[in-house]
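Peer 1: Got a structure here, written out as structure tokens. Questions coming.
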Amino acid sequence: MQQGTLMRKVKSKSWKKQRYFKLQDDCMTIWYQSKKTGKTESAFSISDVETVREGHQSEVLQSLAEEFPPERCFTIVFFGRRGNLDLIAGSAEEAQCWVQGLRQLIEPRSFPLTSALVSRTWIRDWFQKADKNKDGRMNFKEVQRLLKMMNVDMNEDHALRLFQAADKSESGTLEGEEFVLFYKALTQREEVLSLFQDFSEDGKKLTLLELVDFLRQEQLEDEGTEELAMELIDKYEPSETARARHALSADGFLMYLCSPEGSIFNPRHRALWQDMSQPLCHYFISSSHNTYLIEDQIRGQSSIEGYIRALKRGCRCLEVDCWDGPNGEPMVYHGHTFTSKIPFREVVSTVGNNSRVEPSYPIPSSVLQGAGGAGPQQCGVPGDNRSHGGDGHPRALTSPSTTLQELKHKILLKGKKIGRLEDMLDGPGDEAPDVSDDDNGAEAEEERRRVKVGGLGWGPSGSKDKESLAQALSDCIVYCKSVSFRGFQEARSHSRPSEISSLAEAKARKLIRDAGNEFVRHNTWQLTRVYPSGMRTDSSNYSPQEMWNVGCQIVALNFQTAGTEMDLCDGLFSQNGRCGYVLKPPFMRDEETLFNPSDPSSREGPGPITLTIQVISGQQLPKVANSKDGAVIDPLVRVEIHGVPADQAHQETKYIENNGFNPRWDETLQFQLHVPELALVRFVVEDYDKTSRNDFVGQFTLAFANIKPGYRHIHLLSKDGTSIPPSSLFVHIHITE
């Protein structure tokens, strides 16, 4: 990579140009130049790269599948809204060299300061940003500029003292190790040192027994504590001498607290930890709405990128709107709008290629057949689905299963069906064949009649008569047959667990208000899908929490729109191996349950829980996007509880003036949780502004069930849910029943 490689940069089927790519000596920057002119075109930092995808995993590379084999193709995906970089290497070996190399370079960022390498990489990144004249040294003026870039508003005399202390060569500049010394003096954590000294007899190290005391008393680690202490020393103590003596230095202690083991998120719950042998309706399922859209609902772009991003994010329920296309090929787009179109076969191929993740639990796909989409083109749909089975790809389910475990490696098609499922399994019954109702039912039709945007009106797309349906496509619907919702009593007497009803958000809210307990019971034995109002043409989202409170399994959100709603979705599904399925609490799986979210006392179990959070400090908080150059933030922390109505609450700390680098709050916030099993806790950092709305800085959301008590770091995420190391909060968590 440092020698440089000639590769094709691809923007479209016709735009394929050779560029020379080279990793700089700093191992932090990649630049590329035109082969023809030799002129450097662009450069990007490794810290800007979110992930690397192998093969034909972008729309552009898929269109070139016949011309270039997947072994030579890869896509560099950047954080935020920056477009992907599609590349074709000269050979499979060269492609692997770059794919594996890039992955090695971006890998350590997941948890900051867990090794000397990560720390030094980050220090080096800052050094380069501040070294204006690129001479490899930094004078005091450059250091002052760096402090502003790092969100530090420091007294000039204090900054000069730190600078002179680090300038061992007395050259008036900092280079190499001198800058590392300066950075370490700058980032000294007094609150962590104080905690360390509380448990260290000599103030210089924690012996094995002292570390065990800390883990038991503060972190409430009560199982295998000595083994855990030994593990932490081996993993995080930088000094070989201390490791040999089974001791932890202050540096090692800080590294532990900043590691996954010191995170607020219980590391055991990162892996698959729940019972996966229950029926499908006993799980919350990560679900997206109009998955193919990556912008708004009216004129936005349809792209397979929507499916790739959703699946990589852990989404397990996708939406595919099929309409007749040219040359007998079905197309996917938002019907009756100006959104662009993508071929159905590309969607199927993309879902197949991006679903091979472990644990591979089923992917319910909502296949909506648009008006006129019956007949020959529908016949192509099941063929496309079945042809992408085998070789580790999920396959369309063609016979029913009863538990989630049995549905592994399957794609479940949700849609219309001719006749009853039982007729297909047991032979024809007495009833005449019938076509199940349209997925979105009467509520969606009503919404379409009401919606008018920019002169565009959605009216009924043809008569309400049942449309003809291809038998082959109908036969693929074996688990999620779409039926209209006609009330809980009707559903109880006629519907079956293999059926699913779709409700617009307004209809779902009305049912929650009028019949909360009935709704919870209904969702113990049948699937419910909730989707956004047709009025949300900007792809905004409703709160998923109120739908989860009554046990709705498939709560479909616009994954392309960042905000609190997607934070809650990511927060709930970040557990359980990110498999996209979370087991509902026991009182939401019992068909005779008395639970009603509007009456917390209806939940069987212990009384309320008190959650006490001491917000201690913040570390290296990012600057607000688009802020004036040099503006240092005034951060405050808000803690929000999202759960049943009685638990909904938020409290915030005071703001700290001009310090985004190492603010100290030392404030205690307290909450009562009546139904902790349904609660999500969201930590938000904002830049206080007395004249206008506060600006977002970072957030982290997790289910209450995944919180670890004790002294913990919270590793903050950006608005679109990506990590922003090394930004974090340091807190103490106490939970009492």
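The values are calculated or read from the model by the stated rules, or taken from the named source; none is laboratory data. Computed from a predicted structure; not experimentally measured. Please note: Cβ atoms are built from the backbone with ideal geometry, for glycine as well, and neighbour counts cover all protein chains shown. When the accessible area is computed, the model is the full protein with side chains, heavy atoms only, and any ligands, DNA or RNA have been set aside. Shrake-Rupley method; radii C 1.70, N 1.55, O 1.52, S 1.80 Å.
Peer 1: Which residues, taken from segment 53-104, are open to solvent by 50 Å² or more (accessible area, probe 1.4 Å), within 25 Å of Ser723 (Cα to Cα) and either of a type in the set (Lys, Arg) or assigned to a helix (DSSP H, G or I) (or both)?
Peer 2: Arg81, Arg82, Gln100, Arg103, Gln104
Peer 1: Name the single residue that is nearest to Met566 (Cα to Cα) among those in segment 709-726 being open to solvent by 10 Å² or more (accessible area, probe 1.4 Å) and touching a Leu at 6+ places or on another chain (Cβ under 8 Å). Quick ask: steps written out before the conclusion?
Peer 2: Step one: of segment 709-726, the residues open to solvent by 10 Å² or more (accessible area, probe 1.4 Å) are 709, 711, 715, 717-726.
Narrowing the set further to residues that are touching a Leu at 6+ places or on another chain (Cβ under 8 Å) leaves 709, 711, 723-724, 726.
On the way: Pro709: 25, Tyr711: 27, Ser723: 15, Ile724: 17, Pro726: 22 Å.
Looking at residues that are open to solvent by 10 Å² or more (accessible area, probe 1.4 Å) and touching a Leu at 6+ places or on another chain (Cβ under 8 Å), I get Ser723.
Peer 1: I'm told Glu657 meets every condition in (1) within 25 Å of Ile714 (Cα to Cα); (2) assigned to a loop (DSSP other than H, G, I, E, B); (3) touching a His at 6+ places or on another chain (Cβ under 8 Å) except one. Can you identify the failing condition by its number?
Peer 2: Of the numbered conditions (1) within 25 Å of Ile714 (Cα to Cα); (2) assigned to a loop (DSSP other than H, G, I, E, B); (3) touching a His at 6+ places or on another chain (Cβ under 8 Å), the odd one out for Glu657 is (3).
Peer 1: Another one. So, in segment 183-212, of the ones that are among the aliphatic types (A, V, I, L, M) and over 25 Å from Asp666 (Cα atoms), which residue ends up least open to solvent (accessible area, probe 1.4 Å)? Show your work before the answer.
Peer 2: First pass over segment 183-212, keeping only residues among the aliphatic types (A, V, I, L, M): 185-186, 192-193, 195, 206, 208-209, 211-212.
From the residues that got through so far, the ones that are over 25 Å from Asp666 (Cα atoms) too are 208-209, 212.
Values: Leu208: 40, Leu209: 120, Val212: 4 Å².
Within segment 183-212, the match that is least open to solvent (accessible area, probe 1.4 Å) is Val212.
Peer 1: Would you mind finding the one in Phe587, Phe559 that is assigned to a loop (DSSP other than H, G, I, E, B) and among the aromatic types (Phe, Trp, Tyr)? Even if it seems obvious, please write down each step before you answer.
Peer 2: Numbers: Phe587 fails: assigned to a loop (DSSP other than H, G, I, E, B).
Within the list Phe587, Phe559, the selection yields Phe559.
Peer 1: Specify which of the listed residues (Asn517, Asn576) is polar (S, T, N, Q), open to solvent by less than 30 Å² (accessible area, probe 1.4 Å) and touching a helix residue (DSSP H, G or I) at 6+ places or on another chain (Cβ under 9 Å). Outline the logic, then answer.
Peer 2: On the way: Asn517 fails: open to solvent by less than 30 Å² (accessible area, probe 1.4 Å).
Testing whether each residue is polar (S, T, N, Q), open to solvent by less than 30 Å² (accessible area, probe 1.4 Å) and touching a helix residue (DSSP H, G or I) at 6+ places or on another chain (Cβ under 9 Å) leaves just Asn576.
Peer 1: While we're on this one: If you scan segment 471-522, which residues turn out to be over 28 Å from Val644 (Cβ atoms), among the hydroxyl-bearing types (Ser, Thr, Tyr) and touching a residue at least 60 places away in the same chain (Cβ under 8 Å)?
Peer 2: If the condition is that a residue be over 28 Å from Val644 (Cβ atoms), among the hydroxyl-bearing types (Ser, Thr, Tyr) and touching a residue at least 60 places away in the same chain (Cβ under 8 Å), then Tyr479, Ser482, Ser498 are the ones that fit.
Peer 1: So, in segment 9-22, exactly how many residues are under 19 Å from Ser91 (Cβ atoms) and either at pLDDT below 90 or open to solvent by 40 Å² or more (accessible area, probe 1.4 Å) (or both)?
Peer 2: To start, the set of residues in segment 9-22 that are under 19 Å from Ser91 (Cβ atoms) comprises 9-10, 16-22.
If we keep only those that are either at pLDDT below 90 or open to solvent by 40 Å² or more (accessible area, probe 1.4 Å) (or both) too, we end up with 16-18, 20, 22.
Residues that pass the stated criteria total 5.
Peer 1: Among (1) assigned to a loop (DSSP other than H, G, I, E, B); (2) β-branched (Val, Ile, Thr); (3) over 30 Å from Arg299 (Cβ atoms); (4) under 24 Å from the mean Cα position of the chain (by Cα), where does Ile477 come up short?
Peer 2: Just one mismatch for Ile477, condition (4).
Peer 1: Quick check, is Leu318 of a type in the set (A, V, I, L, M, F, W, C) and either surrounded by fewer than 18 Cβ atoms within 10 Å (Cβ to Cβ) or out of contact with any strand residue (DSSP E or B) (no Cβ under 6 Å at 6 or more places or on another chain) (or both)? Step through it out loud before you land on a result.
Peer 2: Working: of a type in the set (A, V, I, L, M, F, W, C): yes; either surrounded by fewer than 18 Cβ atoms within 10 Å (Cβ to Cβ) or out of contact with any strand residue (DSSP E or B) (no Cβ under 6 Å at 6 or more places or on another chain) (or both): no.
Considered against the rule, which asks whether it is of a type in the set (A, V, I, L, M, F, W, C) and either surrounded by fewer than 18 Cβ atoms within 10 Å (Cβ to Cβ) or out of contact with any strand residue (DSSP E or B) (no Cβ under 6 Å at 6 or more places or on another chain) (or both), Leu318 comes out as no.
Peer 1: Could you figure out which of (1) open to solvent by less than 10 Å² (accessible area, probe 1.4 Å); (2) more than 22 Å from the chain's Cα centre (by Cα); (3) of a type in the set (Gly, Ala, Ser) isn't true of Ala242?
Peer 2: (1)
Peer 1: Among the listed residues Val731, Val675, Val681, identify the single one that is surrounded by 19 or more Cβ atoms within 10 Å (Cβ to Cβ), over 21 Å from Cys258 (Cβ atoms), under 26 Å from the mean Cα position of the chain (by Cα) and among the aliphatic types (A, V, I, L, M). Outline the logic, then answer.
Peer 2: Numbers: Val731 fails: over 21 Å from Cys258 (Cβ atoms); Val681 fails: over 21 Å from Cys258 (Cβ atoms).
Going through Val731, Val675, Val681 in turn, the sole match is Val675.
Peer 1: Still on this model: How many of the residues in segment 654-672 are among the charged types (D, E, K, R) and open to solvent by less than 30 Å² (accessible area, probe 1.4 Å)? Quick ask: steps written out before the conclusion?
Peer 2: First, pick out the residues of segment 654-672 that are among the charged types (D, E, K, R): 654, 657, 664, 666-667.
From what is left, the residues that are open to solvent by less than 30 Å² (accessible area, probe 1.4 Å) are none.
Residues meeting the conditions: 0.
Peer 1: Right, next: Select from segment 594-648 the residues that are touching a Ser or Thr at 6+ places or on another chain (Cβ under 7 Å), assigned to a loop (DSSP other than H, G, I, E, B) and over 30 Å from Lys719 (Cα atoms) and write down the one among them that is most open to solvent (accessible area, probe 1.4 Å).
Peer 2: My answer is Leu594.
Peer 1: Between residues in segment 153-166 that are at pLDDT 80 or above and residues that are surrounded by 10 or more Cβ atoms within 10 Å (Cβ to Cβ) and not in a helix (DSSP H, G or I), which pairs lie under 8 Å by C-beta distance while being six or more apart or on different chains?
Peer 2: Correct list of pairs: Phe163/Leu174; Ala166/Leu174.
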